[in-house]
Amino acid sequence: MRLILIAFMTLLWLPVITSGQSDKIKFDSQSWPEADLLFHSDYRWKGADGAYSIDLGDERILWLFADTYIANKSPFARTRACVEMIRNSIAIQKGYDPSDAEIHFFLNADDTMPISFFPEIDTTWFWPLDGIRIDNRVLIFFSILHGIDSGLGFEVCGYGAKSIENPGKNPDKWYIKDIPLPYIGNSLIVGSALQIYDGYLYSFCCREPGNHDNLLCRWSLDSAGLGHLLNPEWWCGDKAGWVSHSNMKHSPEVILKNGATEFSVWYDSSLNKFFQVQTIGFGQAQVALRQAEQITGPWSEPETIYDPPENKTPNVMIYAGKGHPYLHGADVILTYATNAPESLIVADTCLYYPRFVRVNYNQ
């Protein structure tokens, strides 16, 4: 009788389960080793993390990297004797398909001493966050860090933004200026993910240090295009709506709980959905995706769409999952970063290079 009851209950629930899954988008994700070769094409650039990208138009993609290994001595190998680490670097990719595109790394360096493209200021340094092109200007946000003697050896001490006024030129000819930003304390960074939608520039912000909850602010495109970022509006929930920074009386609403410092958000007009991609986990981690009908949410729970093979290697860390929706080769292209103790990075030259993932939608 118990087995009959279980079978009967299963039949009762089966239509509900099937109906709920019929409208759900499924994801087919695969590694893309042919595209991975893109970042191995320069004999001096020996790997980095971060890997945000900005569509500059005319099939030009700006890549923004954080800590970067640069080989500065013959035989230009990634060994302790031959490499230096700089805090950030950039590259320009020509062509939207990374499996057959060209790329040029701008090291901002002479033949012997590599230098961060966005130089350090005293004892602080810049790690690029997301960036975006608005008309003839590119805005790039940064977390500002300094070293400490505990934890991971560093901590966030602020955030910043810079404007590239002539992005059509080669990077060595860029005119770069700092953009004034509002004071929001030392526990929140702006620019973890950017999205232009419905006449506004939206920025997802991260509590760091903290629990990595993500908040949302925005500027009109007219203001953002002029570099006027001092008075954003913050999303304060359905009841209060958008509230200007100058009128804030309480904390904004949390959009994503337990989010990430680095991730990507984009809008897919063919599916009428917003997507968010990040890595879930510390050390061993998966690439996960959320969906929403509105940029303010509610956002779905993160769904694992790719399990990096590096998770099978001891002491490897997976992080910095991002989407690059304007790249060609699948419905959407993702990247993630890998890291490990220095001895393992020197021994395994596949580590500490961004890895590509192709994702196709199956509705």
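The values are calculated or read from the model by the stated rules, or taken from the named source; none is laboratory data. Here the structure is a predicted model, which is why all the values come from computation and not from measurement. Don't worry about glycine lacking a Cβ; one is built from the backbone with ideal geometry, like all the others, and counts go over all protein chains shown.
Here is a check on your reading of the model: is Tyr175 over 30 Å from Leu230 (Cα atoms), among the aromatic types (Phe, Trp, Tyr) and out of contact with any strand residue (DSSP E or B) (no Cβ under 6 Å at 6 or more places or on another chain)? Here the answer is no, as Tyr175 does not meet what is asked. Remark: pairs (first residue in segment 175-189, within 10 Å of Ala161 (Cα to Cα) and in contact (Cβ under 8 Å) with a residue 24 or more places away in the chain; second residue part of a loop (DSSP other than H, G, I, E, B) and among the hydrophobic types (A, V, I, L, M, F, W, C); Cβ separation under 6 Å; 6+ apart in sequence or on different chains) = Ile179/Leu229; Pro180/Leu230; Leu181/Leu229. Scanning segment 344-353 turns up one or more residues that are modelled with pLDDT of 95 or more and within 16 Å of the chain's Cα centre (by Cα). The residue of segment 251-272 that is nearest to Ala292 (Cα to Cα), among those that are β-branched (Val, Ile, Thr) and over 15 Å from the mean Cα position of the chain (by Cα), is Ile255. Would you mind stating whether Leu230 is loosely packed, with under 15 Cβ neighbours inside 10 Å, modelled with pLDDT of 95 or more and either under 15 Å from the mean Cα position of the chain (by Cα) or hydrophobic (A, V, I, L, M, F, W, C) (or both)? When the stated conditions are applied, Leu230 passes them. The set of residues in segment 59-99 being free of Cβ contacts under 8 Å to residues at least 12 places away in the same chain and acidic (Asp, Glu) is empty.
Just give me the residues in segment 175-205 being of a type in the set (A, V, I, L, M) and either under 18 Å from Arg290 (Cα atoms) or under 21 Å from the mean Cα position of the chain (by Cα) (or both), in sequence order. Residues satisfying the conditions are Ile179, Leu181, Leu188, Ile189, Val190, Ala193, Leu194, Ile196, Leu201. Would you mind stating whether Ser150 is of a type in the set (S, T, N, Q) and assigned to a strand (DSSP E or B)? Against the criterion (of a type in the set (S, T, N, Q) and assigned to a strand (DSSP E or B)), Ser150 does not qualify. Test Glu208 against the stated conditions and say whether it is modelled with pLDDT of 95 or more, within 21 Å of the chain's Cα centre (by Cα), crowded, with 18+ Cβ neighbours inside 10 Å and of a type in the set (Asp, Glu). It is false that Glu208 is modelled with pLDDT of 95 or more, within 21 Å of the chain's Cα centre (by Cα), crowded, with 18+ Cβ neighbours inside 10 Å and of a type in the set (Asp, Glu). Among the aliphatic types (A, V, I, L, M) and at pLDDT 95 or above, is that true of Ile176? Yes. Residues that are aliphatic (A, V, I, L, M), surrounded by fewer than 19 Cβ atoms within 10 Å (Cβ to Cβ) and not in a strand (DSSP E or B): does segment 77-91 have at least one? Scanning segment 77-91 turns up at least one residue that is aliphatic (A, V, I, L, M), surrounded by fewer than 19 Cβ atoms within 10 Å (Cβ to Cβ) and not in a strand (DSSP E or B). For Cys157, the criteria (1) in a strand (DSSP E or B); (2) in contact with a Gly (Cβ under 7 Å, 6 or more places away or on another chain); (3) surrounded by fewer than 19 Cβ atoms within 10 Å (Cβ to Cβ) hold in every case but one, which is (2). As a summary of the residue check, Leu139 satisfies the conditions (1) touching a residue at least 12 places away in the same chain (Cβ under 8 Å); (2) in contact with a Phe, Trp or Tyr (Cβ under 8 Å, 6 or more places away or on another chain) except for the one numbered (2).
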